[in-house]
Amino acid sequence: MRFTTEEITAKRPWKGHTEGIPLELDYFEGSMVEAVELIAAKYPNNVAFDFMGSSTTYAQLVQEIHNCAKALKTIGIREGDKVTIALPNCPQAIYMFYAVNLVGGICNMIHPLSAEKEIEFYLNESNSITAITLDQFYNKFESIRNNTNVVNIIIASVKDELSKPIRAGYMLTEGRKIQKIPKDAPVIRWNEFMRLSNACFYNYRVSRKADDPAVILYSGGTTGTTKGIVLSNGNFNSLGVQVMAANPMFRVGDKMLAAMPLFHGFGLGVCIHTMLSQGGRCILIPRFTAKTYAKQIVKYRCNFIAGVPTLYEALLRLPSMEKADLSSLKGVFSGGDSLSIELKKKFDKFLYDHNASIQVREGYGTTETVTACCLTPPHMFKEGSIGVPFPDTFIKIVEPGTENELPYGEEGEILLAGPTVMQEYMNHPDETAQTLRKHSDGLTWVYTGDLGVMDDEGFIYFRGRAKRMIVSSGYNVYPAQIENILDAHEKVQMSCVIGVPDAYRMEKAKAFVTLKPGIEKSEEVKAELMEYCRKNIAKYAMPYDIEFKDEMPKTLVGKVAYRVLQEEEIARMKAAGEISES
């Protein structure tokens, strides 16, 4: 049974982590899928998303979600079950995300390019019983399947969602590279899976509320160890309302270029759910390159685009953008990494030269609050600032690790509170208690580990990360995770991973390794370690180089002095002309 518009709108406003605090906005109490159903009931014939030349209306979207939910019920998915989604931005990912929500399950979102051991970890950490991925990643899932509790693996293919002419072209190019899956492979193909909906007639909808867990995203938190961040229906629905309040120029039907990935809070929370729960139109880009991104902006005359600074750096250099008309743009958002003052100036000029009447707006957020919770206002910009908090989001600057609030202009730890604050770190109660703390003001605050300053007008300035982290092309890379993997190799005594400047990615990882006694340094050992890393580390986090060290520099307390290694390597790169002196 489907809820009517009246039944959905009757749900009371939700207060989440701000219970008892007067709020400016009303928040929807229901589930994520109900929020989308409400929009579909109002605008059934509006386009919900476009994918490689094909458009899907809101009415079609809801129908496919319900068919997918029936199929999930048929294979045994029940309330609270975890389903891992390892897909790029494609229609099957959207249907599955909301269908899992409809049957009361929890979506475990992971990067499809994750290494085998990482996939095994994500499946076991979440205790997923079903997983869906693309045909090209089948072998990775199959090789670790027996080490998990996964019962069903659903295999989707990009070609299944393409129109005939485009499918033919795809099969002659990208499709030829995909290794064929054996006919007797123990998997359910997407089309076969969707036909299972015919075996389910009723009782597939499970009522879920705002406070019910709905999504797991992964982050290193403040310690750098990978943890699942449990987010609720209310967290995602509140984000949609807040984003709209911070962007009053949005109109139903406006187009958002959805290139940021679904396993990332920015991509899933802003580019997909905010748009679909507020009546927007998503332009899905399954495989991101600056070239495809640029092409779709112009082709669809997008109104909103979001990206990391490296993307905007790349767009400046694309010959295809020389005569592009960007007058349709209403919002250009930068997040995931600090936007340098110089790059902002260059890109603002680029926008002006291409008929856009807006500037880049920088934001800030953490996965612990889904994604962005702070954004530069459309009407006011301060150099070096990441903006002001969203409505009903609270930010304060304190002495690191304490409740002691600092005066305006003083640097301290950034704390966040509001209706998008996570529920917990899955299976990590101690770290949850360290990161989420309730203060005397009645709010639950996230201790971000990031350093910043607030001025007397409430503008926030990001000053750096108290935690050790590398940001490469907008992806968070945690050195401790890579070190743990390297240290587990039989030939490695000790390792240290640092971030060094990179012209395109902003930062990239480099590993230093001390070998065990008796193991000689050689190109063969280096190649062996690099191959080992490729099997165990996601592509975006891979060290670009491994350098052997007879002995690591140490701090006074005996820890590896990673800053010394970093300074030495940057000095070497400058001397070699690999990076500029500035």
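The values are calculated or read from the model by the stated rules, or taken from the named source; none is laboratory data. Note that the structure is a prediction, hence the values are computed from the model and not measured. Because the Cβ atoms are built from the backbone with ideal geometry, glycine has one as well, and the counts that use them run over all protein chains shown. These accessible areas exclude ligands, DNA and RNA; they are computed on the full protein's heavy atoms, side chains included. Shrake-Rupley method; radii C 1.70, N 1.55, O 1.52, S 1.80 Å.
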- Query: buried (at least 16 other Cβ atoms within 10 Å of the Cβ), touching a Lys or Arg at 6+ places or on another chain (Cβ under 6 Å) and of a type in the set (A, V, I, L, M, F, W, C): does that describe Leu451?
  - Reply: yes
- Task: Assess whether Ile77 counts as being under 19 Å from the mean Cα position of the chain (by Cα) and crowded, with 24+ Cβ neighbours inside 10 Å.
- Result: no
- Filter the stretch 39-69 for residues that are touching a residue at least 60 places away in the same chain (Cβ under 8 Å) and farther than 23 Å from Pro88 by Cα; which is least open to solvent (accessible area, probe 1.4 Å)? Ile39
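Just for the stretch 487-511: of the residues that are assigned to a loop (DSSP other than H, G, I, E, B) and either open to solvent by less than 50 Å² (accessible area, probe 1.4 Å) or in contact (Cβ under 8 Å) with a residue 24 or more places away in the chain (or both), which one is farthest from Ala561 (Cα to Cα)? Spell out the reasoning first.
As a first pass, look at the stretch 487-511 and keep what is assigned to a loop (DSSP other than H, G, I, E, B): 488-491, 503-505.
Restricting the remaining residues to those that are either open to solvent by less than 50 Å² (accessible area, probe 1.4 Å) or in contact (Cβ under 8 Å) with a residue 24 or more places away in the chain (or both) gives 489-491, 503-505.
Details: His489: 22, Glu490: 23, Lys491: 22, Ala503: 25, Tyr504: 27, Arg505: 24 Å.
My answer is Tyr504.
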- Message: So, Asn484, is that one surrounded by 14 or more Cβ atoms within 10 Å (Cβ to Cβ) and in contact with a helix residue (DSSP H, G or I) (Cβ under 6 Å, 6 or more places away or on another chain) or not?
- Response: no
- Item | Test: Gly265 is touching a Leu at 6+ places or on another chain (Cβ under 9 Å), at pLDDT 95 or above and among the small types (Gly, Ala, Ser) | no
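Within the group Tyr475, Tyr504, Tyr532, Tyr461, which residue is of a type in the set (Phe, Trp, Tyr) and touching a Gly at 6+ places or on another chain (Cβ under 6 Å)?
Details: Tyr475 fails: touching a Gly at 6+ places or on another chain (Cβ under 6 Å); Tyr504 fails: touching a Gly at 6+ places or on another chain (Cβ under 6 Å); Tyr532 fails: touching a Gly at 6+ places or on another chain (Cβ under 6 Å).
Result of the check over Tyr475, Tyr504, Tyr532, Tyr461: Tyr461.
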- Message: Against the condition acidic (Asp, Glu) and in contact (Cβ under 8 Å) with a residue 40 or more places away in the chain, how does Glu342 come out, does it pass?
- Response: no
- How many residues does the stretch 121-134 contain that are in contact (Cβ under 8 Å) with a residue 40 or more places away in the chain, farther than 11 Å from Ala86 by Cα and not β-branched (Val, Ile, Thr)? 5
- Query: What tally of residues in the stretch 366-396 results from selecting those that are on the phi > 0 side of the Ramachandran plot and open to solvent by 20 Å² or more (accessible area, probe 1.4 Å)?
  - Reply: 1
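Would you point out which residue out of Ser334, Ser340 is within 24 Å of the chain's Cα centre (by Cα), surrounded by 20 or more Cβ atoms within 10 Å (Cβ to Cβ) and over 20 Å from His439 (Cβ atoms)? I'd like the intermediate steps shown before the answer.
Numbers: Ser340 fails: surrounded by 20 or more Cβ atoms within 10 Å (Cβ to Cβ).
Answer to the selection: Ser334.
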- Item | Residue within the stretch 521-539 that is farther than 29 Å from Leu113 by Cα, small (Gly, Ala, Ser) and assigned to a loop (DSSP other than H, G, I, E, B) present | yes
- Note on the structure: The residue from Asn67, Asn89 that alone is among the polar types (S, T, N, Q) and under 16 Å from Met194 (Cβ atoms) is Asn67
- Any idea how many residues of the stretch 392-432 are in a strand (DSSP E or B) and either without any contact (Cβ under 8 Å) to a residue 40 or more places away in the chain or among the hydroxyl-bearing types (Ser, Thr, Tyr) (or both)? 4
- Message: Exactly one condition in (1) closer than 30 Å to Leu315 by Cβ; (2) among the hydrophobic types (A, V, I, L, M, F, W, C); (3) touching a residue at least 40 places away in the same chain (Cβ under 8 Å) is false for Leu529; which is it?
- Response: (1)
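Among the residues of the stretch 301-317, write down those that are open to solvent by less than 60 Å² (accessible area, probe 1.4 Å) and over 20 Å from Gly253 (Cα atoms).
Looking only at the stretch 301-317, we keep the residues that are open to solvent by less than 60 Å² (accessible area, probe 1.4 Å), and these are 302-316.
Matches in the stretch 301-317: Gly307, Val308, Pro309, Thr310, Leu311, Tyr312, Glu313, Ala314, Leu315, Leu316.
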- Conditions (1) over 30 Å from Ile144 (Cβ atoms); (2) crowded, with 17+ Cβ neighbours inside 10 Å; (3) of a type outside the set (Lys, Arg) -> Ser580 fails only (2)
- Message: Among the numbered criteria (1) more than 18 Å from Phe51 (Cα to Cα); (2) out of contact with any Leu (no Cβ under 6 Å at 6 or more places or on another chain); (3) not acidic (Asp, Glu), which one does Val298 miss?
- Response: (1)
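When the residues of the stretch 41-52 are narrowed to those that are within 25 Å of the chain's Cα centre (by Cα) and not β-branched (Val, Ile, Thr), which ends up modelled with the lowest pLDDT?
Let us first name the residues in the stretch 41-52 that are within 25 Å of the chain's Cα centre (by Cα), namely 47-52.
This time we only want the ones that are not β-branched (Val, Ile, Thr), so: 48-52.
On the way: Ala48: 98, Phe49: 98, Asp50: 96, Phe51: 93, Met52: 87.
Here the residue is Met52.
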- Determine if the stretch 184-196 includes at least one residue that is under 30 Å from Thr420 (Cβ atoms) and at pLDDT 95 or above. no
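Quick check on my filter: what residues within the stretch 454-478 are in a strand (DSSP E or B), of a type in the set (S, T, N, Q) and open to solvent by 10 Å² or more (accessible area, probe 1.4 Å)? Steps first, please.
From the stretch 454-478, those in a strand (DSSP E or B) are 454, 460-465, 470-472, 475-477; that's our starting set.
Cutting the leftovers down to of a type in the set (S, T, N, Q) gives us 472, 476.
Residue satisfying the conditions is Asn476 alone.
Could you tell me whether the stretch 143-151 includes any residue that is in contact (Cβ under 8 Å) with a residue 60 or more places away in the chain, closer than 23 Å to Val206 by Cβ and surrounded by fewer than 18 Cβ atoms within 10 Å (Cβ to Cβ)? I'd like the intermediate steps shown before the answer.
Taking the stretch 143-151 as the starting set, the residues that turn out to be in contact (Cβ under 8 Å) with a residue 60 or more places away in the chain are 150-151.
Within this subset, residues satisfying the condition of being closer than 23 Å to Val206 by Cβ are 150-151.
Those still in the list that are surrounded by fewer than 18 Cβ atoms within 10 Å (Cβ to Cβ) too: 151.
Yes, some residue in the stretch 143-151 is in contact (Cβ under 8 Å) with a residue 60 or more places away in the chain, closer than 23 Å to Val206 by Cβ and surrounded by fewer than 18 Cβ atoms within 10 Å (Cβ to Cβ).
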- Message: I'd like to verify a number: residues in the stretch 343-360 that are farther than 16 Å from Lys299 by Cα and open to solvent by less than 20 Å² (accessible area, probe 1.4 Å), how many?
- Response: 5
- Condition check for Ser126: over 24 Å from Ser55 (Cβ atoms) and either at pLDDT below 95 or crowded, with 20+ Cβ neighbours inside 10 Å (or both): yes
- Residue tally, condition surrounded by 17 or more Cβ atoms within 10 Å (Cβ to Cβ) and either in contact with a Pro (Cβ under 6 Å, 6 or more places away or on another chain) or more than 28 Å from Thr310 (Cβ to Cβ) (or both), over the stretch 515-548: 2
- Item | the stretch 227-258, residues that are over 23 Å from Thr376 (Cβ atoms) and over 16 Å from the mean Cα position of the chain (by Cα) | Asn233, Gly234, Asn237, Val252, Gly253
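State all residues of the stretch 119-149 that are touching a strand residue (DSSP E or B) at 6+ places or on another chain (Cβ under 9 Å) and either charged (D, E, K, R) or assigned to a loop (DSSP other than H, G, I, E, B) (or both); if no residue qualifies, say none. Give the derivation first.
Keep residues of the stretch 119-149 that are touching a strand residue (DSSP E or B) at 6+ places or on another chain (Cβ under 9 Å), which gives 119, 122-123, 125-135, 137-138, 140-142, 145, 148.
Listed by number, the residues that qualify are Glu125, Asn127, Ser128, Ile129, Asp135, Lys140, Glu142, Arg145, Thr148.
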